[in-house]
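The values are calculated or read from the model by the stated rules, or taken from the named source; none is laboratory data. Owing to the predicted nature of the structure, the values given are computational and were not obtained by experimental measurement. Ideal geometry is used to build each Cβ from the backbone, glycine not excepted, and the neighbour counts take in all protein chains shown. Side chains are part of the model used for accessible areas, which takes the heavy atoms of the whole protein and leaves out ligands, DNA and RNA. Shrake-Rupley method; radii C 1.70, N 1.55, O 1.52, S 1.80 Å.
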Amino acid sequence: MDKLIAQTPCDGLLPLTIGAVSVTEVAPGAIHAVSAFQGQAKSLSEAMKAAHGMVLPAPNRAAGKSGARAVWFGPGQVMLIGPTPDPSLSAHAAVVDQSDAWAVVRLEGDGAEDVLARLVPVDLRPQHFKRGHTARTLLFHMNASITRVGEKAFQIMVFRSMAKSLVHDLKRAMEGVAARR
Amino acid sequence: MRITCPYCGERDRREFYYRGAAVDLDRPAPDAGPDAWDDFVYLRDNPAGETRDLWYHEGGCGAWIVVTRNTLTHEISATEPASGGKR
Ligand SMILES: [Zn+2]
């Protein structure tokens, strides 16, 4: 059998810089959906704190930093990104491996909000969407998870199969923003 | 048109999918009899005024939402998770 070569979702598509904004692919590490069992959100949060140093984020919030994040993904669901989940979490939650299922990129630079304003029906300006805020929303026609991870930086996640569309749509919006500067 | 998701907050209508009357949540018992089932499957009110719908936050958090709105004024007076309590 031929030797298989691992490729990242955005292999050959990124990095990309247009004007003052750039997109780079993030190597997220492991990605696991963590969903608390009925009535166990509190004990799960304690187990997360003990094992990974961050509590369960509230709706529309993310915890942690580059390399180990917990991002709210929907009612009762958090995505643990980076570390392999500690086995202690499984006593309180359904833990489902979704590694490699998501394309993860970082959009950064002056005017990153202007790029997203062309694609996303949510106000992502810093006065409304601060560091540590996250949104499940649409990016053009794609379901996405968007988190502010820095003063001028966003982490964007879409299904891996959408990687090419994501880069295409970001590129077009970046060109539009750069043309008006 | 904007709908307030109980989890995500106020969002554009394009993020939502419309399912229909919230009567879906009041499913009769399996042995409730043909009249109750006929009513549940086929018969809908068409109110000029307040109505309750089921919407799905498809382009968002994935929650099913009961939306109370007025068909005359288009005012939305309440939104709540179809699952009952918040998770
Ligand atoms: Zn929502």
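Once Rh for segment A:80-181 is found with the Kirkwood sum over Cα pairs, what is the Stokes-Einstein diffusion coefficient at 25 °C and 0.890 mPa s, in µm²/s? Answer from the Stokes-Einstein relation: 166 µm²/s. Using the Cβ-Cβ distance between A:Ala94 and A:Val55 with R0 set to 25 Å, the FRET efficiency from 1/(1 + (r/R0)^6) comes to roughly 0.85. Computed over segment A:30-97, relative contact order equals 45 percent, with contacts defined as Cα pairs under 8 Å that lie 6+ residues apart. In this structure A:Lys65 has an accessible area near 150 Å², from a 1.4 Å probe over the protein heavy atoms. Under a 5 Å amide H cut-off, with hydrogens placed 1.01 Å from N, B:Gly62 pairs with B:His57 among residues at least 5 apart or on other chains. Here the protein assembly as shown is treated as a sphere whose radius is the Kirkwood value from Cα pairs; by Stokes-Einstein at 37 °C and 0.692 mPa s it diffuses with a coefficient of 160 µm²/s.
How far is helix A:41-52 tilted, in degrees, relative to the longest principal axis of the Cα atoms in chain A, given as a value from 0 to 90 rounded to the nearest 10? So the helix axis and the longest Cα principal axis differ by about 80 degrees. On full extension, the segment bounded by A:Ser165 and A:Ala27 gains 47.8 nm, given 0.36 nm per residue less the C-alpha separation. Straight-line reach from A:Lys49: taking Cα to Cα under 18 Å and skipping same-chain neighbours fewer than 8 places apart, the lysines in range are A:Lys65.
For chain A, the longest principal axis of the alpha carbon atoms and the long axis of helix A:163-179 meet at an angle near 40°.
Taking both sides together, the accessible area buried where B meets A is about 1100 Å² for a 1.4 Å probe.
Translational diffusion coefficient of segment A:30-97 (Stokes-Einstein, Kirkwood radius from Cα pairs, 25 °C, 0.890 mPa s): 216 µm²/s. Using the Cβ-Cβ distance between A:Leu4 and A:Asp86 with R0 set to 25 Å, the FRET efficiency from 1/(1 + (r/R0)^6) comes to roughly 0.25. In chain A, Cα pairs under 8 Å separated by at least six residues give a relative contact order of 25 percent. Ordering B:Val41, A:Ile18, A:Ala50 by the projection of their Cα atoms onto the charge dipole of the protein assembly as shown, which places +1 on the Cβ of Lys and Arg and -1 on the Cβ of Asp and Glu, puts A:Ile18 at the extreme positive end. Entry comment: accessible area of segment A:30-97 is 45 Å² per residue, from protein heavy atoms only and a probe of 1.4 Å. Bridgeable lysines around A:Lys3 (alpha carbons under 25 Å apart, same-chain partners fewer than 8 residues away excluded): A:Lys164. Considering chain A as a Gaussian network with a 10 Å cut-off on Cα pairs, which listed residue, A:Ser35, A:Ser66, A:Ser145, attains the greatest mean-square fluctuation? Of A:Ser35, A:Ser66, A:Ser145, the most mobile in the Gaussian network model is A:Ser66.
Based on DSSP H segments of at least four residues, each scored -39500 (n - 2.57), the protein assembly as shown has a per-residue ellipticity at 222 nm of -5000 deg cm²/dmol.
Build a GNM of chain B with springs between Cα atoms under 10 Å apart, and of B:Arg27, B:Arg19, B:Arg69 the one that fluctuates most is B:Arg27.
Plainly put, chain B has a radius of gyration that is 1.01 times its Kirkwood radius, both from alpha-carbon atoms, as the Rg/Rh ratio. Under the simplified labelling scheme, the B:Tyr18-B:Ser77 pair shows an inter-label distance of 2.0 nm, with each label point 7 Å from Cα along Cα→Cβ.
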